[in-house]
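Structure record follows, encoded as structure tokens.
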Amino acid sequence: MAQNIGTSTRSLHADDALNVVSDVAPPMHLATTFRYSDDPAKLFPVADLSDSGLDPTSHIYSRASAPNPTRFETILSALLNGTAISYSSGLSALHAALTLLNPRRISVGEGYHGCHGVIALFTRLTGLQKLPLDCPADQLEAGDVILLETPLNPKGTAYDIASYAQKAHSRGAYIIVDGTFAPPGLQDPFLWGADLVMHSGSKYFGGHSDILCGVLATQNEDWSKQLFHDRVFLGSVMGNMESWLGVRSLRTLEVRVQRQSKNTARLVQWLATALHAPNAAPGSDEAAVQSVLGEVFHASLQDEGEWLKKQMPNGFGPVFSICMKEEDLAKTLPSKLHFFQHATSLGGVESLIEWRTMSDATVDRKLLRISIGLENWEDLRNDLVKAFRELRA
Ligand SMILES: Cc1ncc(COP(=O)(O)O)c(C=O)c1O
């Protein structure tokens, strides 16, 4: 799609060429297998097909390709500025990325604990060695990988993609950017040197807390062919129903994420200002915040140079974290809230809060992760303040 076409227009029209029926809403295809042509002249054995000649409206078996996942990938390719390949989950996307690159070393920070689980699997199978994210460049060798998650789970703080890309490339290594917390519209890792972009599509791409999927995107044509080929044998394809729901969700990606990002910026700003307000009057909202809250984490609060504004010019991710003064306050807060559901995951239209230690053994037990949805931000603020007051009552 032309470079000057906007994100929402891409979401709505990148798949126009796949409209083979007159339905305005794309149909769901549940078939696992597809009839070959009745015309013998149109039967082409797979060995005679070239990758470039493949017709995206023609399918053989759904572990290789199917109409709904293909539509989902077509839209995502236009949104991510690279060929997108979908998977059954974010972690299966990372598994496929490491299968493709098969590095000997991987430099990686904290971030989502599940990604470390995938890395541990590879360590068991291949001896993959884990290095810290800020290891000296000369510990990396050609073919190694930096896995950079930005913004970072669970705090929502951001890292400079260009500087890590430069470090990787100076050694002939590659950089995979896990951009789950900043979907298209907020951040394009390819602009800053990413070799592979990864997303847990279970978050903002799905956007309604009802599908599990993952995505890889690359601008390297050989890699995208290999990834499609590998996926046939990994078998980690996205389901038909999930990708049908995924297409429906992508249509509204930009408006959802913009609103979620704005809501988050307002709420984070309000909380941080209240937390640091001097001489808070007894009984005030600020005093309620200061009585229970220890710290707020989010990219919008980072005091960083120009790179952050350039990397995220349209706003920051809709996830942030708070640290309470005591563990018990963190454990109790979710039960006092009405508009935040106590659950893991993020990226849906409804706001979630998670006492993070429930699902991540590695984090501070005073930490709560918050994923902001589409509610009116003032209602979320009032809900939090009321809960803070109740905690100290
Ligand atoms: C940053 C990040 N990457 C990857 C994943 C894994 O995605 P999935 O749960 O779709 O496998 C998650 C899930 O929470 C995540 O937050």
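For this structure, a couple of remarks:
- Among 375-382, 205-212, the order from most to least packed when residues are scored by Cβ within 10 Å on average: 205-212, 375-382
- With Cα atoms, 0 to 90° folded angle of helix 240-250 axis to the chain main axis: 60 degrees
- Sequence-distant lysines (8 or more away, or on other chains) whose Cα lies within less than 28 Å of residue 167: 130, 155, 225, 309, 310
- Altogether, the Stokes-Einstein calculation at 4 °C and 1.567 mPa s, with the Kirkwood radius of region 252-330 over Cα pairs as Rh, returns a diffusion coefficient of 92 µm²/s.
- Cα gyration tensor shape of region 207-314, rounded if a/c is under 1.5, else prolate or oblate by comparing a/b with b/c: prolate
- Overall dimensions of the chain as given by Cα atoms, namely Rg and Dmax in Å: 22.3, 84
- Pairwise centroid distance, computed over Cα atoms, of region 279-313 with region 1-70, Å: 47 Å
- Per the Cα gyration tensor, region 254-392 maps to an equivalent ellipsoid with semi-axes of 22, 18, 15 Å, ordered largest to smallest.
- Taking the longest Cα principal axis of the chain as reference, the axis of helix 221-234 is set at about 90 degrees.
- Divided by 2.2 N^0.38 Å, where N counts the residues, the Cα radius of gyration of region 81-237 comes to 0.95.
- Couplings 3J(HN,Hα) for region 188-198, derived from phi with the Karplus relation 6.51 cos²θ - 1.76 cosθ + 1.60 (θ = phi - 60°), are 10, x, 5, 5, 10, x, 4, 8, 9, 10, 10 Hz, where x marks Gly and Pro.
- Of interest is the spacing of the C-alpha centroids, which for region 353-371 and region 176-208 amounts to 22 Å.
- Peptides 105-117, 331-343 ordered by average Cβ neighbours within 10 Å, highest first: 105-117, 331-343
- Of the peptides 82-93, 288-299, the ranking by mean beta-carbon count within 10 Å, highest at the top, reads 82-93, 288-299.
The numbers here are math on the coordinates, done by the rules we state, and not lab data. Just so it is clear, the model here is predicted, and its values are computed rather than measured. Note: ideal-geometry Cβ built from the backbone for every residue, glycine included; neighbour counts use all protein chains shown.
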